[in-house]
Amino acid sequence: MKTLLGAILLGLAAANAGVVAPGAKLEKLAGGFKFTEGPTCDARGNLFFTDQPNDRILEWSADGKLSTFLEPAGRANGMMFDAHGNLIVCAEAKNELWSIAPNKTITVLVPNFLDKTLNGPNDVWSAPDGSLYFTDPFYKRSWGDPNAVRVAGEKVYYLSADRKTLRAVISDFKKPNGITGTPDGKRIYATDIRGDKTWRYDIAPDGSLTNKTFFCAKGADGMTIDAEGNLYLCATGQTNGVTVFDPAGSVIDHIAVPERWSANVSFGGADHKTLFITASESLYAIRLRVAGANATK
């Protein structure tokens with residue numbers, strides 16, 4: 001009985017403790033960029049992120065060293081490593097989805113949709129079975145072909161693991177943006193940044209999304225999830241920074257970031273307990289008490 005009671009008390013304490021490790025403070029790791037985005041971590045804990053206006057992908061190593069991984073980089077935006085160590089990239093230069101192999105060989109996975117140019121792949125999640133889900137909102141950019149014939153509507157797309165099937169799976173958002181899923185491949189979260197809401201879906205065996213469920217009244221740019229099922233949303237407006245929601249959609253923590261915009265988040269470091277935040281012109285990090293759920297996101 002004492003053991004059970006102790007476990008319950010520990011669980012309650014953890015639930016009320018937020019997600020930040022005791023005594024941990026937000027740290028600015030690097031600055032001087034134009035706009036940072038797309039953080040994702042490889043299996044060794046090295047973080048990769050983009051400086052999109054400068055058209056480059058950078059690496060912050062697990063031992064704290066900054067270097068350039070690829071330049072030019074297709075105006076890379078959101079990114080995520082897949083299970084094979086390939087870097088999946090939302091490449092907005094030509095509105096494509098790329099796969100960059102460890103030797104930096106680039107494969108264009110999605111050049112268009114039904115022979116029409118995508119609006120601008122923005123964020124991507126690699127499911128455990130190798131399939132991909134990516135958001136495609138329209139944002140006016142200084143790059144790209146202004147005369148391109150674009151797809152109608154701003155949607156979320158599914159690309160099958162064998163790369164033979166590409167179809168829209170969410171078509172009713174005002175402007176989809178951040179996306180992530182659970183490591184068991186059963187659920188996915190997507191945010192409608194203009195609708196200012198985040199939704200949860202079940203993933204069907206054929207990759208389609210079912211059981212659309214309201215998660216929280218908060219739109220976001222990027223997002224990630226931890227091992228306890230808490231969802232981290234890059235907040236906008238007056239609550240800039242990262243807002244953390246428990247699996248039921250209640251706010252349990254907020255990490256303030258002293259920048260005008262917090263774009264995206266990813267777990268990294270050797271133990272995947274460091275939360276990296278790309279925010280405007282800088283890269284930040286803070287130690288958490290809980291690890292990330294997707295080892296490479």
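Read-outs throughout are calculated quantities, based only on the coordinates presented, and are distinct from any laboratory measurement. None of the values given here were measured: they were computed from a predicted structure. Because the Cβ atoms are built from the backbone with ideal geometry, glycine has one as well, and the counts that use them run over all protein chains shown.
With the simple spin-label model, which puts each label point 7 Å out from Cα in the Cβ direction, the SER250 to ASN54 separation comes to 4.3 nm.
Let me have the relative contact order for the chain, percent, based on Cα pairs under 8 Å that are six or more residues apart. Numbers along the way, then the final one.
Values: 827 pairs, mean separation 53.7, N = 297.
Relative contact order here is 18 percent.
Counting only lysines at least 8 places from LYS212 when in the same chain, those with an alpha carbon closer than 26 Å to its own are LYS155, LYS164, LYS174, LYS175, LYS186, LYS197, LYS297. List the lysines whose alpha-carbon lies under 18 Å from that of LYS34, not counting same-chain residues fewer than 8 positions away? Within reach: LYS140.
Note on LYS65: lysines with a C-alpha under 17 Å away, same-chain residues under 8 apart excluded, are LYS28. Packing, taken as the mean count of other beta carbons within 10 Å per residue, orders the peptides 104-115, 252-263, 125-136 from highest to lowest as 125-136, 252-263, 104-115.
Taking region 27-68, which trypsin sites (Lys or Arg not before Pro) meet the DSSP loop condition and have no more than 16 other C-beta atoms within 10 Å? Present the calculation step by step, with values, prior to reporting the outcome.
On the way: sites: LYS28, LYS34, ARG44, ARG56, LYS65; in loops: LYS34, ARG44, LYS65.
Qualifying residues, ordered by number: LYS34, ARG44, LYS65.
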